[in-house]
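Remarks on the structure that follows.
Taken together, the values in this text are just the output of simple stated rules run on the coordinates, not laboratory data. From a predicted model like this one, the values you see are computed outputs, not experimental measurements. Reconstructed Cβ throughout: ideal geometry from the backbone, glycine too, with neighbour counts over all protein chains shown.
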Amino acid sequence: MKLTFEPLNLETKHLFAISRGGSKVFKNVLLRIESDGLVGLGEAGPSSFHGENQRTVLAALETICERVSGMNPFSDPVCEEAKKAIGKNFAAKAALDMAVHDIKGRKAGVPVWFSLGISRETAPTTSVTIGLDEIDAMRKKVKEASSYPILKVKLGTDKDVEILRAMREETDAVIRVDANCAWSAKEAVRKIKALESFGIEFVEQPVPPNDIEGLRFVRERVDVPIIADESAGTPEDIPKLVGAVDGINIKLQKCGGITEALKMIHTARSFGLSVMIGCMIESSLSVTAAAHLSPLVDYADLDGPILLKTDPFKGVLFEKGRIVLPSSAGLGVERRQP
């Protein structure tokens, strides 16, 4: 088995901003596994909020190469060995895990969703994110996304109510709200009550990730569901969230890939929590990997490729937002020709 990797820099159409800041360039990493004449692909989309960046991913993958060199990806526990070697480098783990799923699916000649016993017919509709910006610029983004029936609006400013009012003036789409940890518990209750009149579907991560009692405080005092994102990184995080939230948002880059995401889905279901599957700013490579699990969840926020200026890969399709999974083997992703 041969592993190679390289930087994968992505540019968004617009400044992509949340309450913690924004950028137009996102520095990811592309991973390839080669074995028996086949190639499996994976993508790491690191987040500084989780202590990772392109440099740390490249270093982690270098360590992985040393650990798993010569192993057989079709029979040896490659991902387990990598986990032992690189600790909490979840984005690097995610890239390796999806590449292993990809090459195994290509070897078997079946899509990943099929190998996991999932029917692609029940894939949900994704939301499209409206990042923070000047209100007029956010209005423009809403108009550009007019063919998508679900929007996720980023909040966490002193103009949150004005933003939602402007968004609702532009669209009758389903609106989800994501504060990205920006509010205190009491502030969240006050703001969410003001936002409820705009017909929002749910609120994602209103308070900082470690404030589980804050999440509980908010949930007990508002009339819309509360979804944990930054508070729900791995399967081990889920039990403490029971009773504090209505659901969780799973991201391959937070938990370490398809294998861990499946564990999170089953764990959340066992506790009666709803499940969302989301993404960072990622290409169709990583988002397609996540999309293979989308028929198992209630909500999807897999809009990474939609937000990009240029997507270097072809994979999952969106028909007016509805996720259409590829039918080709493995992840079903191909590199676009320059």
| said: With angles folded into 0 to 90 degrees, how steeply does helix 90-108 sit against the dominant principal axis of the chain? Use alpha carbons for both and round to 10. | reply: 60
| said: Taking every alpha carbon pair in region 204-338, what does the distance histogram look like in 10 angstrom bins from 0, in percent? | reply: 13, 41, 30, 14, 3, 0
| query | Taking only DSSP H segments of four or more residues, each worth -39500 (n - 2.57), what value at 222 nm results for the chain once the sum is divided by all its residues, to the nearest 500 deg cm²/dmol? | reply | -10000 deg cm²/dmol
| request: Would you mind checking the pairs K191/K320; K159/K191; K93/K154; K13/K154 and listing those with alpha carbons more than 21 angstrom apart? | output: K191/K320; K93/K154
| request: Using label points projected 7 Å from each Cα along Cα→Cβ, tell me how many nm separate S184 and S75, to one decimal. | output: 6.1
| Using a ≥ b ≥ c from the Cα gyration tensor of region 288-338 (square roots of the eigenvalues), is it rounded, prolate or oblate, where a/c under 1.5 gives rounded and otherwise the larger of a/b and b/c decides, a/b for prolate? | oblate
| Length gain on complete extension for the stretch V324 to D223, per 0.36 nm per residue less the alpha carbon to alpha carbon distance? | 33.1 nm
| said: Given points 7 Å out from each Cα along the Cα-Cβ axis, report the K159 to D298 separation in nanometres with one decimal. | reply: 3.3
| request: Give me the distance in nm between label points sitting 7 Å out from Cα along the Cα-to-Cβ direction at L116 and K2, one decimal. | output: 2.9
| Quick one: Kirkwood hydrodynamic radius for region 40-147, alpha-carbon pairs, angstrom, one decimal? | 16.7
| query | Based on the alpha-carbon gyration tensor of region 90-228 and its eigenvalue square roots a ≥ b ≥ c, which shape applies: rounded if a/c is under 1.5, prolate if not and a/b is larger than b/c, or oblate? | reply | prolate
| note | Zone reached by a paramagnetic label modelled 7 Å from I135 Cα along Cα→Cβ, restricted to region 190-212 with backbone N below 19 Å, covers 191-200
| query | Using the C-alpha atoms of the chain, what convex hull volume per residue, in cubic angstrom, is computed? | reply | 121
| field | Descending principal axes extents, region 22-98, alpha-carbon based, whole Å | value | 41, 25, 15
| note | Bridge orientation stat for the chain from DSSP, antiparallel percent rounded to 5, came to 50
| field | Part-to-part distance (alpha-carbon centres) for region 271-285 and region 291-334, which is given in Å | value | 11
| said: Treating region 158-276 as a set of equal point scatterers at the Cα positions, no solvent, please give the Debye-formula log₁₀ I(q)/I(0) at q = 0.14 Å⁻¹. | reply: -0.57
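Please pull out the direction-averaged projected area of region 255-296, using the convex hull of its alpha-carbon atoms, in nm² to one decimal place.
Values: hull surface 11.7 nm².
Result: a mean projected hull area of 2.9 nm².
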